[in-house]
Each structure stands twice: as structure tokens, then as C-alpha cells.
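A short write-up of the structure that comes next.
The values are calculated or read from the model by the stated rules, or taken from the named source; none is laboratory data. Predicted model, so just to flag it, every value in this text is computed and none were measured. Because the Cβ atoms are built from the backbone with ideal geometry, glycine has one as well, and the counts that use them run over all protein chains shown.
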Amino acid sequence: MKKLLVLVFLLSAMVSKSQDFEGIITWKITSEVTDPKLKAQMEEGKKKMDDPETQAQMKEMKEKMNDPQFKAMMDSNPQMKAQMEAAIKMAEGGGAGSVMPKGYIIKMKNKNVVSAMDGGMMANTSFLYLNDKNEAYTIDKSAKTYTLLPQRKEDPNKKVDIKVTKTSETAKVLNYTCTKYIAESTIDGHTMEQFFWTTNEIKDMDFKSLAKQRMATGSQSMFYDKIEGVPLKIEMKTPQGSMIMEVTDIKKQSIPAAEFSIPTDYKAVASKY
């Protein structure tokens, strides 16, 4: 989940540098867990969630959430309320398998970006980038909180080795011709392989300025300077599993400026990243 969050920040930061584009980009996400230990843990978690006793507890919790006195107590602690709602949603949505999203939606206007997951445990969390302030936030709609994300420099003690290879392989994504790039990164002995399918046929987006940007201490570059074009498909492989994000729709349209703001009744909380 953490690697997915990093990739979400990567994508949102990339599109924040779009020059003239205003509209919505929709991504489809598919994932697979291949690590036997992690897969066993997820299957065990699903069994527990599907257990009649656990389902009964979730039903009792859901009914309790409607009790006026308990509801008032939860309203005074939005973070706990959000956690309970997430647990109920997981139980109703299929257990541990429901933690992963099925899609990702990005909205852009005047180089500002707001994005959110479609489904999964992060469904109530959105990402906001404000270009004029050069600031990025996560917004928790359930807890009614927001967090300013730090922009930190690379950790000099963290060894990062990255190799980017441009291939001759091409494919069509949304009728755009894309070229495949392979990015192999090793961070403190842990290897991750990414495949970027990028196109040069979209002229109002510029990703090259992201080559040296980072969202957190020691994180990978937000984009690789040896990769040309706009990514429409990204595949990521780790020892734990694989994930594919592919653009399914690019729609140019006017978006209200109010969507690129933090609600006035939301409370600021410290960053966890």
C-alpha cells in the first residue's frame, strides 16, 4: 500500500506540471500479490473478516454507529470514526481483498491537481496539489482532516541505484502510440522494476521538469530524466507482487475552481510520511 501511495504522489506531481491541460484523466488499476507469505496473510485476514463472528461484530458496530449518543462521541473523534467506517467497509466489501483500489481519477486546472482512488482503503483520501503555493496535501474526507506533505531532499545515507532503458517495443494506449521504458531501481538492497509506456503525441503535458523532484526523504525521483513523453501505462514489479495502472480516458473539460481547495471545516494534522 505504501508503494502504491508513492506512485500516486508520483502521478499527481507529474500532471501538476501540465502546461495547458484542463480536464480529467481516469486510470484503471489491477494488482496481484505474488509473495507467498504476504498472500497467506491476506487470505488469513479474509477468512477472519468472513468469519460469522466477525461479521456479527461488524453488524453490531454498524448499528451502534447510528446510536445518537455513540454518534456524538464519534463525531468528536473524526479519526477514530474514520477507522471504524473503514473496518465496516472492508467487512462489507470482501475482506482484505478490498484494500486495493480499482481505479484512480485525476482532475487538473491551471496546473492545480486533485486526485482520488476509486475503491480500496484509500477511497476516502484525496491528493491536492496547489501550483501557486507549490504545496501538496492529502485530504481525509471521513476524518475531515488534511495534511501538508513535506518536500524533502534526498537522504544522503540511502543508496539508490537506477537504470533506465528505452526499448524498441511499442503499443497503443487510447489510440496513442507508446514506447516502452524499463526503470530498474535498487534502494538499500531492495529491487523494484517499473515499465513506463509513454507517448509523445500529447502536446499540452510536460513531465521532464519532474526528474529531480521528491515527495519524501529518500524517495525515488518523481520522474526519470531519461524517459521521454507522457506515461499512459505504468507497470510495477516488486518481490511482494505487481501492479498495473493504465489510462482509460482523457477528457478535456472545464472544472470548477472550488474543487481545488481544502474545505474550511477540515482540521490540519501532521504528516505520517
Those residues of the stretch 122-137 which are buried (at least 17 other Cβ atoms within 10 Å of the Cβ) and touching a residue at least 60 places away in the same chain (Cβ under 8 Å) amount to M122, F127, L128, Y129, L130, A136, Y137
Looking at the stretch 241-269 only, could you name the residues that are part of a strand (DSSP E or B) and buried (at least 16 other Cβ atoms within 10 Å of the Cβ)? G241, M243, I244, M245, E246, V247, I250
Those residues of the stretch 99-142 which are more than 16 Å from G23 (Cβ to Cβ), charged (D, E, K, R) and out of contact with any helix residue (DSSP H, G or I) (no Cβ under 8 Å at 6 or more places or on another chain), in sequence order: K102, D118, D132, K133, E135, K141
Restricting the search to the stretch 172-191, which residues are modelled with pLDDT under 90 and over 16 Å from M236 (Cα atoms)? D188, G189
Could you list, in sequence order, the residues of the stretch 113-154 that are touching a strand residue (DSSP E or B) at 6+ places or on another chain (Cβ under 8 Å), part of a loop (DSSP other than H, G, I, E, B) and among the polar types (S, T, N, Q)? N124, N131, Q151
